[in-house]
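Right, one structure below, let's go through it.
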Amino acid sequence: MQTQTVSQVAAPSAVRYSAEDLGLIRAAKLTAWLRTEGIDKRDPRIKANLQQLLAAMSDNEGEPAFSKESVERIFSATGSVFLLKVLRNELIVRDFVGFAQTIEMLFEQARQECKVGEVSRLTPELTQADPDSWGISLCTVDGQRLSLGDSRAAFCLQDCSQPITYAVALTEKGPAVVHQFVGYEPVGVHHEGLEIGPDGKPFNPLTGSGALLTAALIGSPQDPLSARFSALCRVYSRLLAGGSVSVHTGSYLSQREANYHNWAAAYRLMELGAFPPGAQATDAMDLHLQLASFSIDCQAGALIAAALANGGVCPLTEDRVLSPAATRSTLSVMHSCGLGRHSGRFAFKCGLPATAGVSGCLLAVLPNVMGLCLYSPRLLQGRVSARSLHFCELLVRQYSFHLYDSLLHNRKLDPTGRLADSGRARFDAVSTMLYAARDGDIACLRRFYLTGHDMNSCDYDSRTPLHVAASEGRLAAVQFLCSVCRVDRRLRDRWDLTALDCARILGRSKVEQFLAELDNEESAAVTLASGKQSTTGELNDNVGKIKERCNKESSSNEMQDGSDKDPAGFVGSSKAGSIETGFVGSWSSGSERQEDRSASFEYKGRDEADAQFSSGPDSDGEGEGDDGEAATVTMSGDGCRWWAI
């Protein structure tokens, strides 16, 4: 069969056009440009709009042409914004041309490197498959599509139909009903045998016995088998954006006659009373085998996988076919059980939900990104396509598609722009913090602090929230940032200014006084740490400054809101202890989770120091802190060192 290359998907002479480039674009260039983005001109989301656009405009020579304004006007009138999303490069895969070229390279690499495996001989129809067939198709959640190789070769879904049956049953009946009859645990053997757990239920819906029970749950047992089959055909048609499916009659009859394992499982389940009330094993078997005999190609399979990646919504029609909860549960079971005995290897190396059939079909899902369908009849151990497995491993080595890949700490490529989006989110968080500091919004700053954000984050001018709060004279915000968040007051902006410098230049006297006193206290602490001589008078002066500042802040906040706490958490108390020389200072810091937590520091002379940390009344009123104990540290020597508890 003829191999389809990327040049058929992305015209080599086509150029990526942004919205600003579209001053006047002719129809031929538009369709070529859409192909570079992976969008087919027959896409149902734009087909009608393109016809209106081309009918509405033409130049003097009679060849259709249009401008950006015309596109916006026509698409606004029809209520469609998809083409504008394409113009703004907002699709999930930003550089689709480069991505398509890489996929083609991996496609050829898998063809050359993997030539192992044998065609299945379970039925006469399977033995007739061309062992050298190799095709792939992908579809993103935005409907960007790429097909390579024998993507139009027909094959039967086989076991790949089981996840869809399970998802339909979950959508119709809900997990509480479905999992009365089937579990969701992996099993060590593939989809054959009587995989029934100790609770009398099949291990999961992707085994032979589990697939029979989920098929029995479709519709009502009182409905004719033809009506239940027709309902499932309509589901598949919606998943395929209005496409049709058909049963390969030869494959269905061959399986019906020779599938002894599933027949044995069906009768064993009937003996155990495992079927839903009123359900018949023969009807469930017929429905299951008809679904397994659905004939599709890679392009149709990619649409099915893309709907699973898109939360049950068909990307091309935006039709919700499966519920989000059912889709999530289906992907979870596919991740742990989708490839039978190969599920562990695939989860370890590729980290993607997937399922495979003995026809050589493999469906892989990248949640919220895309779905893939691969076809190669050469099977590994008679069950899973060897070449498809190899391609998926190559794909995950190249791109950050493994579910547990870190977007920040690996060198893989990310075609989706998720890393750029996370960077944009961090930028938005910094902007919000700066605005909160400007407005003195303590509640907003506290939310960022409690959720683990870096309160020293800065903008392009290297201005931190402390710089902004000091410049605006927001004393309460400055107190909160310095005393609760413990931000670095020494950071300088692009003009080499600290927060204290900003307050001094702009005349914010209260902020300037507060920051200057903090610097003085820090200098005194450094003096103690360096072992320099400090007289009793100097130490008592420091105690006086601490008392004065705490009492001033306490009285100021009482005047503002009648509380003995200011927004920064200061209680404003200082009490002396029974000491010979030196000072003792105590303070309390409050938060939303612990209202009162006090710590005291006691200094005795120059040659001996005692540090005692005690927890004051906790929020529960029992008089103890986190551990209910006090810690005492005694140090002797030439000087006193600085420490924190």
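The values are calculated or read from the model by the stated rules, or taken from the named source; none is laboratory data. What you are looking at is a predicted structure, and each value in this text was computed from that prediction instead of being measured. Glycine gets a Cβ as well: all are built from the backbone with ideal geometry, and neighbour counts include every protein chain shown.
General observations
- All conditions in (1) among the aliphatic types (A, V, I, L, M); (2) more than 20 Å from PRO44 (Cα to Cα); (3) touching a helix residue (DSSP H, G or I) at 6+ places or on another chain (Cβ under 7 Å) hold for MET105, with the sole exception of (3).
- Unique residue being part of a loop (DSSP other than H, G, I, E, B) and either surrounded by fewer than 21 Cβ atoms within 10 Å (Cβ to Cβ) or assigned by TED's automatic domain parsing to the domain that holds VAL487 (or both) when the list is SER471, SER462: SER462
- Residues satisfying the criterion are present in the range 89-105 (criterion: over 27 Å from the mean Cα position of the chain (by Cα) and either surrounded by 13 or more Cβ atoms within 10 Å (Cβ to Cβ) or at pLDDT 70 or above (or both)).
- Residues (of a type in the set (A, V, I, L, M, F, W, C) and at pLDDT 90 or above) located in the range 173-202: ALA176, VAL177, VAL178, PHE181, VAL182
Every residue, every condition in (1) hydroxyl-bearing (Ser, Thr, Tyr); (2) crowded, with 20+ Cβ neighbours inside 10 Å; (3) in contact (Cβ under 8 Å) with a residue 24 or more places away in the chain; (4) outside any helix (DSSP H, G or I), yes or no:
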site	(1), (2), (3), (4)
GLY200	no, no, yes, yes
SER209	yes, yes, yes, no
ALA215	no, yes, yes, no
TYR236	yes, yes, yes, no
ARG256	no, no, yes, no
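- The range 217-228, residues that are within 14 Å of LEU170 (Cβ to Cβ) and part of a helix (DSSP H, G or I): none
- Considered as a group, the residues in the range 337-355 that are buried (at least 18 other Cβ atoms within 10 Å of the Cβ) and either over 19 Å from the mean Cα position of the chain (by Cα) or free of Cβ contacts under 8 Å to residues at least 12 places away in the same chain (or both) include one that is farthest from VAL182 (Cα to Cα), and that residue is PHE346.
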